[in-house]
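Heads up: the structure comes next, in structure tokens.
The values are calculated or read from the model by the stated rules, or taken from the named source; none is laboratory data. Note that the coordinates shown come from a computational prediction; the quantities given were computed from them, not determined experimentally. As a convention, Cβ positions derive from the backbone with ideal geometry for all residues, glycine included, and neighbour counts pool all protein chains shown. When the accessible area is computed, the model is the full protein with side chains, heavy atoms only, and any ligands, DNA or RNA have been set aside. Shrake-Rupley method; radii C 1.70, N 1.55, O 1.52, S 1.80 Å.
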Amino acid sequence: MSADALYQEIILDHYRRPHHKGLRAPYDIEVHHTNPTCGDEITLRVRLRGSGDETVVEDVSYDGDGCSISQASTSIMADLLVGATVAEGLEVEAEFHRLMLGLGQVAPDVDRLADAVALAGVARYPARVKCALLGWLAWKDAVVQVLGTRPATGEPTP
Amino acid sequence: MTQASASPGTGGAPGYDVEAVRKDFPALDRLVHGDRPLVYLDSAATSQKPRAVLEAVEDFYLRHNANVHRGVHTLAEEATGLYEQARDSVARFINAPDRDTVVFTKNSTEAINLVAFTMMLADPPYRVGPGDEILVTEMEHHSNLVPWQLLAQRTGARLRWLGITDSGRLDLSRLDELLTPATTIVAVVHVSNILGTINPVTEIARRAHEVGALVLVDASQSAPHLPLDVSTLGADLVAFTGHKMCAPTGIGVLWGRREVLEALPPFLGGGEMIDTVTMESATYAALPHKYEAGTPPIAEAIGLGAAVTYLTGVGMPAIAAHEHQVTAYALGALAELPGLRIIGPSTPVDRGSAVSFVMDGIHPHDVGQLLDFAGVAVRVGHHCARPVCSRFGLPSTTRASFGLYTTTGEVDALVAGLRRVREVFG
């Protein structure tokens, strides 16, 4: 594998100009995740709208410090998940997770992952997989926490 | 042809034949990513191993394998002899006046934990209890910080520390204030694994002894690179690890002054560390076996013995001079790269061969990954010294670290790789 294959232009673009970056209010929950082996950190906020199966990710905002892989991955993730239903978002997260843990042997679901497919090469570098997953795991943690505080068919957040 | 161009890219000290040294290290001939010659600049993480060490380990397993200090049969005698000869070799290497004060441990971490744990249970004056003070520095590797945090938490002692100056030196201006009659132990790193700084441990030890404190020196990054003489260093206890000095993993050393090691209680209990045992209690073996419970890492210790014999053959003063020149060359070359900042002393004065740096706008992980594509192996992250990174407001750095086999040509490869990193990230 070459440097160009790992560091695709789309990754460098997201790294230089990350989408949805910066912490915004209102939000339902804020989580802080770290990658202790490399010192990368992310603070991520999630705002949900609606209830039950119709719960939608209204906003994902974040700030943090990390390598191009972790920053681009979080930026691409926010693009994919903002506006999606939580159920769709969790499916995308699961698919991305599967790709990252696939050691480069897993064919990505291009329709579902869209730009995140550009990160497929990371799976061949186990030391970097946790960089790519940092923002996703933070998002999933945040969403699970919010849903855990709501009744299954609860009222919309005010 | 000038003399310099007669041996391009080798550099180092006059008369030091780095190419001959490199031939002793098979791993240095490797290619990575297809056709890229390996440029191994991660010796501060672990050194490569010379053939002499690998052969000593293999010879032990092929011909002499037995447990030590157990049997009367031929192989047991041979194994015990080789294991104890390794202790003699290490004692000579660090100029220990007494070979029984060389204790084999798993690594530096275990050696330091041995001291920190047993001080909790020791009799005065070595006992650490409520109101006592433990002095460390902001420059410590986690292995010489967390054991002392645990000791403070477990005993009610107070953990204090010396800070770091902007230029990456220990800030000694508060040393007199921080050393008090309550200071029981001063634990300080000899050479920083992240900044490269060589600390004035002898002077620190002298002042610590004036208040009656014990002094432990973490020599993990000095033993492989500088002549280490525990008889003049001033420390009461010295810890270092084999794998950074050409030996296998799984073997380290705690050296201590005899009166200190005799006064501290046992650490791990088990076989080998006893004198007699009844169902109710035991009496303990004399040094060094008091601290070597259970079957030790025999082959690894023999490997360490071979490693220090190898290093002595090359010559520690010559290795130090060579690495000093390579480091000076690297500091000069890195300083010319735009947007690169060295974290730690920027001159080779009182400086070891680990060089940390950051590049504007490019995360160290990306630097390390792109260098790897060019065959250049460096370490990225906080280098198990997160407080140092925090001190400089950084989550992490890239670190190139050199050894007895490093050439200035490899430094050139690093610099070329970093120029390429800058091209990719713009």
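Residues of the stretch A:34-51 that are open to solvent by 40 Å² or more (accessible area, probe 1.4 Å) and within 14 Å of another protein chain (Cβ to nearest Cβ): A:34, A:36, A:37, A:41. Across the stretch B:262-288, the number of residues qualifying as within 26 Å of the chain's Cα centre (by Cα) and open to solvent by 40 Å² or more (accessible area, probe 1.4 Å) comes to 4. Kindly establish whether residue A:87 is more than 29 Å from residue B:426 (Cα to Cα), more than 13 Å from the chain's Cα centre (by Cα), open to solvent by 10 Å² or more (accessible area, probe 1.4 Å) and at pLDDT 90 or above. Considered against the rule, which asks whether it is more than 29 Å from residue B:426 (Cα to Cα), more than 13 Å from the chain's Cα centre (by Cα), open to solvent by 10 Å² or more (accessible area, probe 1.4 Å) and at pLDDT 90 or above, residue A:87 comes out as yes. Being under 28 Å from residue B:196 (Cα atoms), under 21 Å from the mean Cα position of the chain (by Cα) and surrounded by 16 or more Cβ atoms within 10 Å (Cβ to Cβ) is a description that does not apply to residue B:32. When we screen B:293, B:247, B:333 for residues that are modelled with pLDDT of 95 or more and either within 16 Å of the chain's Cα centre (by Cα) or under 19 Å from residue B:96 (Cβ atoms) (or both), the only hit is B:247. Among the residues that make up the stretch B:125-137, is at least one of them surrounded by fewer than 22 Cβ atoms within 10 Å (Cβ to Cβ), in contact (Cβ under 8 Å) with a residue 40 or more places away in the chain and assigned to a strand (DSSP E or B)? Yes - at least one qualifying residue is present in the stretch B:125-137. When you look at residue B:11, is it modelled with pLDDT under 95 and surrounded by 15 or more Cβ atoms within 10 Å (Cβ to Cβ), yes or no? Against the criterion (modelled with pLDDT under 95 and surrounded by 15 or more Cβ atoms within 10 Å (Cβ to Cβ)), residue B:11 qualifies. Of all residues assigned to the stretch B:398-415, none qualifies as being under 30 Å from residue B:318 (Cβ atoms) and within 10 Å of chain A (Cβ to nearest Cβ). Counted as qualifying within the stretch A:23-103 are the strands (runs of 3 or more DSSP E) with 2 or more residues that are in contact with a strand residue (DSSP E or B) (Cβ under 6 Å, 6 or more places away or on another chain) and farther than 28 Å from residue A:127 by Cα, namely A:40-49, A:56-65.
Within the stretch A:28-42, residues that are of a type in the set (Gly, Ala, Ser) have Cβ atoms under 6 Å from residues that are open to solvent by 30 Å² or more (accessible area, probe 1.4 Å) in these pairs: A:39/B:395, counting only partners at least 6 apart in sequence or on another chain.
Taking the stretch B:204-311 as the region of interest, the strands (runs of 3 or more DSSP E) fully inside it that hold 2 or more residues being touching a strand residue (DSSP E or B) at 6+ places or on another chain (Cβ under 8 Å) and free of Cβ contacts under 8 Å to residues at least 40 places away in the same chain are B:214-218, B:274-277, B:282-284.
Inclusion of residue A:94 among residues that are open to solvent by 10 Å² or more (accessible area, probe 1.4 Å) and without any contact (Cβ under 8 Å) to a residue 12 or more places away in the chain is warranted.
Could you tell me whether residue B:229 is surrounded by fewer than 18 Cβ atoms within 10 Å (Cβ to Cβ) and touching a Phe, Trp or Tyr at 6+ places or on another chain (Cβ under 8 Å)? Considered against the rule, which asks whether it is surrounded by fewer than 18 Cβ atoms within 10 Å (Cβ to Cβ) and touching a Phe, Trp or Tyr at 6+ places or on another chain (Cβ under 8 Å), residue B:229 comes out as no. The residue that is farthest from the other protein chains (Cβ to nearest Cβ), counting only those in the stretch A:52-99 that are among the small types (Gly, Ala, Ser) and within 17 Å of residue A:13 (Cβ to Cβ), is A:78.
Here B:421, B:380 are screened, and the one residue that is touching a Pro at 6+ places or on another chain (Cβ under 6 Å), of a type outside the set (Gly, Ala, Ser) and crowded, with 20+ Cβ neighbours inside 10 Å is B:380. Criterion applied to B:403, B:368, B:375 was being on the phi > 0 side of the Ramachandran plot and either surrounded by 24 or more Cβ atoms within 10 Å (Cβ to Cβ) or in contact with a Pro (Cβ under 7 Å, 6 or more places away or on another chain) (or both), and the one residue passing it is B:375. Given the condition out of contact with any helix residue (DSSP H, G or I) (no Cβ under 8 Å at 6 or more places or on another chain) and either surrounded by 16 or more Cβ atoms within 10 Å (Cβ to Cβ) or assigned by TED's automatic domain parsing to the domain that holds residue B:262 (or both), answer yes or no: does some residue in the stretch B:86-99 qualify? No.
The single condition among (1) away from chain B (no Cβ under 14 Å); (2) modelled with pLDDT under 90; (3) part of a helix (DSSP H, G or I) that residue A:5 does not meet is (1).
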